[in-house]
């Protein structure tokens with residue numbers, strides 16, 4: 001089940017959020033995040049939204065979404081995703097991705113832009129491509145992967161209008 | 001003369017900053033900025049920097065610069081520029097652009113990324129291309145221009161390493 005996240009969910013999001021950021025392979029997030037600053041970064045307020053995918057008492061993944069830019073750019077959305085390591089390969093990312101696309105359609109956005117998909121994150125890349133996103137361009141060497149060194153960041157886009 | 005901006009400069013930056021944002025053709029900034037929230041948005045702290053181009057007692061333009069992303073993306077910089085309407089066509093943007101490129105070189109950045117150059121802002125586009133930037137990709141219709149309607153946003157990049 002995917003539902004809006006509440007502040008009470010954060011203690012069950014933070015462990016896999018923190019592990020993902022510390023692994024450092026998928027997001028250019030600050031490297032000194034605490035549980036508090038992580039919450040500020042992840043938990044969106046309207047017009048944005050943060051959701052969790054819950055299975056019984058466990059939170060297996062989370063996504064945040066909302067306008068990519070303010071003002072004259074706010075008709076294009078964006079989103080970020082976190083999936084618990086133990087839940088990978090079970091369709092959690094896909095379910096969250098489909099939710100995010102549907103949410104943007106319902107809210108009247110004209111497209112969704114991912115600003116920085118790490119090019120070595122092939123699982124995410126394939127998933128977004130299967131949802132209709134295409135790579136608009138790649139900023140060479142814009143991400144320092146602990147495993148792969150300098151790798152590119154893809155800008156991806158899905159038109160909705 | 002280009003020099004770091006101080007808080008005392010803001011009253012002379014705000015008029016052309018505000019006029020540029022209100023014209024709405026070049027930046028996806030919030031449309032409800034006040035002098036205070038505009039200052040928070042424009043005046044950078046380390047590791048970023050905001051500069052002004054001064055001619056006598058007049059400030060003709062300003063630029064802000066710094067890491068485009070935190071964490072594993074902070075080796076790529078970014079920048080934004082504002083030029084007073086009455087000073088356009090006098091090389092203010094070029095002087096600020098050259099300063100910004102030099103600053104990033106000195107700070108050891110590996111490249112500079114512009115995230116959202118409005119495709120109808122041909123003066124800026126030509127200027128950045130003349131400084132060596134190329135268009136990495138264009139997000140279609142990502143900007144609502146009051147004059148031109150939905151237009152694309154270019155991602156531009158200059159490698160420095």
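No lab work stands behind these numbers, since they all come straight from the coordinates. The structure presented is a predicted model; accordingly, all values stated were derived computationally and were not measured. Positions of Cβ are generated from backbone atoms using ideal geometry, with glycine treated the same way; all protein chains shown enter the neighbour counts.
In table form, for the structure just shown:
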quantity	calculated
Per-copy distances of the residue A:7 label point, shortest first, in nm (7 angstrom along Cα→Cβ)	3.1
Separation of alpha-carbon centers, the range A:67-93 and the range A:135-161, rounded to whole Å	15 Å
Relative intensity, log₁₀ I(q)/I(0), of the range A:86-161 from a Debye sum that treats every alpha carbon as a point, q = 0.15, 0.24, 0.26, 0.27 Å⁻¹	-0.56, -1.11, -1.18, -1.21
Footprinting exposure proxy for A:43, B:156 (fewest neighbouring C-beta atoms within 10 Å first)	A:43, B:156
Gaussian network model of chain A, Cα within-10 Å springs - most flexible of A:124, A:35, A:84	A:35
Whole-angstrom Cα spans of the protein assembly as shown along principal axes, big to small	68, 39, 33
Kirkwood-type radius of the range A:121-161, with distances r between different C-alpha atoms, in Å	11.1 Å
Reduced Cα scattering model of chain B, Debye log10 I(q)/I(0), q = 0.09, 0.15, 0.19 Å⁻¹	-0.27, -0.81, -1.36
Ranked A:128, A:42, criterion: other C-beta atoms within 10 Å, fewest first	A:42, A:128
Helix-derived mean residue ellipticity, 222 nm - over the protein assembly as shown, DSSP H n ≥ 4, -39500 (n - 2.57), to 500	-9000 deg cm²/dmol
Average silhouette area of the range B:40-130, convex hull of alpha-carbon atoms, in square nanometres	6.6 nm²
Viscosity 0.692 mPa s, temperature 37 °C, Stokes-Einstein D of the range B:35-90 from Kirkwood C-alpha radius, µm²/s	261 µm²/s
Label distances, nm, residue B:58 versus same residue in remaining copies, Cβ-directed 7 Å point	6.7
Residue of chain B nearest the B-to-A rotation axis [by Cβ], rounded angstrom distance	B:137, 1
Most mobile listed residue (B:77, B:66, B:91) in chain B, GNM with C-alpha springs under 10 Å	B:91
For residue A:129, inter-copy label distances in nm, listed shortest first [label point 7 Å out on the Cα-Cβ vector]	3.0
